[in-house]
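Novice: Dumping the structure here so I can ask a few things about it.
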Amino acid sequence: MPSKSMTAEPPAAAPVIHTGGILTKKARERLAKLGWGIVSIGLFALIWEALWYFEMVNPLLLPPPHLFLQDIPGTLKFFDRSNRIGHIASGGGVIALLTTMGWTTFRVFTGLALGFICGVGLGAALYYFRMLRNVLMPTILLLAPISPVAWLPVAIFVFGIGDVPAIFLVFITVFFAIVLSTGAQISSVPINYIHVARIMGATQRQTFWRVILPAILPSLFMTLRLNLFGAWMVVLIAEAVGVGTGLGQITSMARATFNAKLVFFTMGIVGALGFLTDWGLRQVQRKMLWWVAPAKGGF
Amino acid sequence: MARPAVSIRNVGKTWEVEGRRPVRAIDGLTIDIEPGEFVVLLGPSGCGKSSLLYMIAGLEDVSDGVIECDGLPITAPSAERGLIFQEASLFPWLTILDNVAFGLAIQAEQPERRREIATEILRRVGLGDMLDKKPDELSGGMRQRAACARALAMKPKVLMMDEPFAALDVQTRAKMQDFLLQIWRDSRASIILVTHSIDEAISLADRVVVFTARPGQVKEIVPIDMPRPRNPRDPRYHAYRDHFTELLAAEVDRAFAEQEVR
Ligand SMILES: Nc1ncnc2c1ncn2[C@@H]1O[C@H](COP(=O)(O)OP(=O)(O)OP(=O)(O)O)[C@@H](O)[C@H]1O
Ligand SMILES: [Mg+2]
């Protein structure tokens, strides 16, 4: 008898183990990812809190999360509702926080978009026009390694205080990387793609728009994504120095007024924004550049 | 007699790459390919078979001689002369349907008409329910059929294939050969196919052009005088196979000997 029930049971039990109940495999993977995310951040916060609890860090210098998240309305007073230069602390509130975040994000994306479009344009022009390449390439190679931050004084001299220097710095962060990789990507487009286009009677222009551009976009987009974090770094510096509004200005003011809580609060916001925008770009990549499998596009 | 579909007259090709010794790939080649004829090019590696296809396609210039299509020298690529590679080279960013409709789009065909033609051709090559798939969702054999469909959509007079089945497994390969004979009969195009497989040559060709080692010249042109489908157990088939094996072995030996001299 027992042997009989044992042979009968596994087939019924096995499928349950395989599907893991009601959740699909994908949903479970997502849930696991989220779970680990919470564990990771939770652990980080916990260690910090423990260090504070055992009085190993000074709460004035390194206030743990529960302290800098405690007085949110107070913290939000430092955020300005308008995008006025050098305007400190009017109103505050959630709307002010969102406005500030929105402006900084706007500067990042405008810079990225302009840098990407101009970078691909110039990169392609350099690839196709020998004369242009001869004239411009040495200068580009000279300028490319200069840190975007070093451009800040130039940006302020030329554009004055305001949005433009911040956008310009983000632009510089991606522009040279895209210019240089565009040529490399075009030359690695499989030659047979171009042969097919030529046999079908495509003009050079058609070949570029319909074959070369789609073939190089995914890896250029990858370059863009890799430079996203760099863009977030320079935008804060630019805002602190050359714009006078935005999250960068808040951080710089917090440092000047020795407000550690505000520093960490803002850092948290910047981290979250960086993460969200990267996630956003990943979605764009998945939806619009679907022909590269995620495995090939990296993490 | 009708005018040949492709007329190759005394053609030579020298590849000149900066910083390297020029390579004489083809020398004094003369072949006529009749309309609707199935010609297979067979020869040792590096004897210029691919180079010849590129020149017929108009993707590369001839160094000497002339290649005429319908009596006119070839100066540029044309959709009338389709070329299929060992890799299907479908565009991964387009669906199968859009890949097949690509040439029609270039020729500014109306969108509905494009869809119609491409769908019809895909159905004919047995990919009727793969229209909206991406190329990387298809097997190697299906991809190669889609590449054929893309070329056929242009109604080519000459269809060239450069080792189209070399990357496929044996079973798929046999299926693809049947498939190819079928589209050849349907389309009435001339086919020029490059292969390393003697069996493939015997199963498919009206005539087999055997090349010498580099620089490639015509060593022998062998008409295959057997009704299709050709049975590999047929004594005539064996005779052809022995003959080609002998011809190729001599050329491969020569190619090796030449490499050693250098
Ligand atoms: N684009 C090119 N540039 C320079 N040399 C080339 C080029 N294409 C081919 N060659 C040279 O021409 C010679 C013939 O090459 P080809 O590819 O035509 O031979 P093949 O008969 O197709 O060889 P295989 O059977 O290996 O495909 C080779 O020595 C090759 O190095
Ligand atoms: Mg070849």
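The values are calculated or read from the model by the stated rules, or taken from the named source; none is laboratory data. A quick note: this is a predicted structure, and the numbers were derived from the prediction, not measured. In this analysis, Cβ positions are derived from the backbone assuming ideal geometry, glycine residues included, and neighbour counts consider all displayed protein chains. Ligands, DNA and RNA are excluded from the accessible area calculation, which covers all protein heavy atoms including side chains. Shrake-Rupley method; radii C 1.70, N 1.55, O 1.52, S 1.80 Å.
Novice: In degrees between 0 and 90, to the nearest 10, how far off the longest principal axis of chain B does helix B:140-152 point, with axes built from Cα atoms?
Specialist: 80 degrees
Novice: Please name the residues of the range A:197-211 whose accessible area, counted over protein heavy atoms with a 1.4 angstrom probe, falls by no less than 20 Å² between the chain alone and the full protein assembly.
Specialist: Those residues are A:198, A:199, A:200, A:206, A:210, A:211.
Novice: Treating the beta-carbon of each Lys and Arg as +1 and of each Asp and Glu as -1, no other charges, what is the dipole magnitude of the protein assembly as shown about its Cα centre, to the nearest 20 debye? Don't skip to the answer; put the middle values down first.
Specialist: On the way: 56 positive and 48 negative charges, 241 e Å.
Magnitude of the dipole: close to 1160 debye.
Novice: Give me the distance in nm between label points sitting 7 Å out from Cα along the Cα-to-Cβ direction at residue A:146 and residue B:197, one decimal.
Specialist: Inter-label distance under the simple model: 6.1 nm.
Novice: Taking the dipole about the Cα centre of chain A, with the C-beta of Lys and Arg at +1 and of Asp and Glu at -1, give me whichever of A:193, A:169, A:179 is farthest to the positive side.
Specialist: So the residue furthest toward the plus end is A:193.
Novice: Which percent, nearest 5, of DSSP beta bridges in the protein assembly as shown are antiparallel?
Specialist: 50 percent
Novice: Report the residue, chosen from B:192, B:31, B:56, that carries the largest GNM mean-square fluctuation when chain B is represented by alpha-carbon nodes joined by springs under 10 Å.
Specialist: B:31
Novice: Mind scanning B:134/B:175; B:134/B:157; B:133/B:157; B:155/B:175; B:134/B:155; A:287/B:175 and naming the pairs with a C-alpha gap bigger than 32 Å?
Specialist: Numbers: B:134/B:175 22 Å; B:134/B:157 28 Å; B:133/B:157 29 Å; B:155/B:175 23 Å; B:134/B:155 24 Å; A:287/B:175 36 Å.
Table pairs above 32 Å Cα-Cα are A:287/B:175.
Novice: Check cross-link reach from residue B:13 to the aspartates and glutamates: straight Cα distance under 14 Å, and skip same-chain residues fewer than eight apart.
Specialist: B:27, B:60, B:61, B:64
Novice: Further question: Please find, in a Gaussian network model of chain A (springs between Cα atoms separated by less than 10 Å), the residue of A:255, A:286, A:30 whose mean-square fluctuation is greatest.
Specialist: Of A:255, A:286, A:30, the most mobile in the Gaussian network model is A:30.
Novice: Charges at C-beta only: +1 for Lys and Arg, -1 for Asp and Glu. How large is the resulting dipole of the range A:72-229 about its Cα centre, in Debye rounded to 20? Don't skip to the end; give the middle numbers.
Specialist: Numbers: 10 positive and 2 negative charges, 60 e Å.
So the magnitude is around 280 debye.
Novice: Please label the shape of chain A as rounded, prolate or oblate, based on the square roots a ≥ b ≥ c of the eigenvalues of the alpha-carbon gyration tensor (a/c under 1.5 means rounded; beyond that, a/b larger than b/c means prolate, else oblate).
Specialist: Details: a/c = 2.71, a/b = 1.04, b/c = 2.62.
Cα axes put chain A in the oblate bin.
Novice: Something else: Evaluate peptide B:100-107: per residue, the Cβ atoms of other protein chains within 10 Å of its Cβ; return the mean as an integer. Spell out each step's value before the answer.
Specialist: Numbers: counts 0, 0, 6, 6, 1, 4, 9, 3.
Across the residues of B:100-107, the mean count of other-chain Cβ atoms within 10 Å is 4.
Novice: At 1.4 Å probe size, with the rest of the protein present, what percent of the exposed accessible area of the range B:205-249 is carbon and sulfur atoms? Don't skip to the end; give the middle numbers.
Specialist: Details: 1260 of 2390 Å².
The value for the range B:205-249 is 53 percent carbon and sulfur by accessible area.
Novice: Mind pulling up the Rg/Rh value for the range A:24-161? Radius of gyration and Kirkwood radius, both on Cα.
Specialist: On the way: Rg = 23.4 Å, Rh = 20.5 Å.
Rg/Rh: 1.14.
Novice: Mind checking the mean number of beta-carbon atoms from other chains within 10 Å of the Cβ atoms in B:57-65? Provide the component values of the computation, followed by the final result.
Specialist: On the way: counts 3, 2, 5, 0, 0, 0, 0, 0, 0.
What the average comes to for B:57-65 is 1.
Novice: For the protein assembly as shown, what percent of Cα pairs sit more than 42 Å apart? Walk me through the numbers before you get to the answer.
Specialist: Details: 71758 of 157080 pairs.
The calculated P(r) of the protein assembly as shown puts 46 percent of pairs beyond 42 Å.
Novice: For the protein assembly as shown, what does the helix formula give at 222 nm: sum of -39500 (n - 2.57) over DSSP H segments with n ≥ 4, over the residue count, nearest 500 deg cm²/dmol? Don't skip to the answer; put the middle values down first.
Specialist: Working: 21 runs with 316 residues, N = 561.
That calculation yields -18500 deg cm²/dmol at 222 nm.
Novice: At most 10 other Cβ atoms within 10 Å and a DSSP loop assignment: could you name the trypsin sites (Lys or Arg not before Pro) in the range B:15-113 that fit?
Specialist: On the way: sites: B:20, B:24, B:49, B:81, B:113; in loops: B:20.
In loop regions of the range B:15-113 (DSSP not H, G, I, E or B), the sparsely surrounded trypsin sites (Lys or Arg not before Pro) are B:20.
Novice: Mind checking the angle between helix B:170-187 and chain B's longest principal axis? C-alpha axes, 0 to 90 degrees, to the nearest 10.
Specialist: 80 degrees
Novice: Using R₀ = 35 Å, calculate the FRET efficiency as 1/(1 + (r/R₀)^6) where r is the Cβ-Cβ separation of residue A:187 and residue A:40; round to 0.05. Don't skip to the end; give the middle numbers.
Specialist: Working: r = 41 Å, r/R0 = 1.17.
According to the calculation, E is roughly 0.30.
Novice: Please tell me the relative contact order of chain A in percent, rounded to the nearest whole number, where contacts are Cα pairs under 8 Å and at least six residues apart.
Specialist: Values: 293 pairs, mean separation 56.7, N = 299.
Across chain A, relative contact order equals 19 percent.
Novice: Here is a further query. Hydropathy first: keep DSSP H helices in chain A averaging at least 1.0 on Kyte-Doolittle, then drop any whose Cα extent along the axis falls short of 24 Å, and list what survives. All intermediate terms of the calculation are to be shown ahead of the outcome.
Specialist: Numbers: long enough: A:2-19 (27 Å, -0.12); A:25-53 (41 Å, 0.45); A:93-128 (53 Å, 1.39); A:163-187 (36 Å, 1.88); A:260-288 (41 Å, 0.58).
For chain A, where a helix must reach 24 Å along its axis and average at least 1.0, the hits are A:93-128, A:163-187.
Novice: Sort out the exposed loop GluC sites (Glu not before Pro) in chain B (DSSP loop, at most 14 other Cβ within 10 Å) and tell me the longest stretch that has none. Before the final figure, lay out the partial values.
Specialist: Working: sites that count: B:16, B:18.
Longest run free of exposed loop sites: B:19-262.
Novice: Cα axis of helix B:235-261 to longest principal axis of chain B: angle in degrees, 0 to 90, nearest 10?
Specialist: Relative to chain B, helix B:235-261 is tipped by roughly 70 degrees.
Novice: Considering only A:275, A:129, A:171, give the residue with the highest GNM mean-square fluctuation for chain A, with springs between Cα atoms whenever their separation is below 10 Å.
Specialist: Fluctuation is largest for A:129.
Novice: Give the residue list of trypsin sites (Lys or Arg not before Pro) in the range B:212-247 that are DSSP loop and have at most 10 other beta-carbon atoms within 10 angstrom.
Specialist: Details: sites: B:219, B:230, B:233, B:236, B:241; in loops: B:230, B:233.
Listed in order of number, the matching sites are B:233.
Novice: What percent does the relative contact order of chain B come to when contacts are Cα pairs within less than 8 Å and at least six residues apart? Can you show the working numbers first?
Specialist: Details: 491 pairs, mean separation 65.5, N = 262.
After rounding, I find 25 percent.
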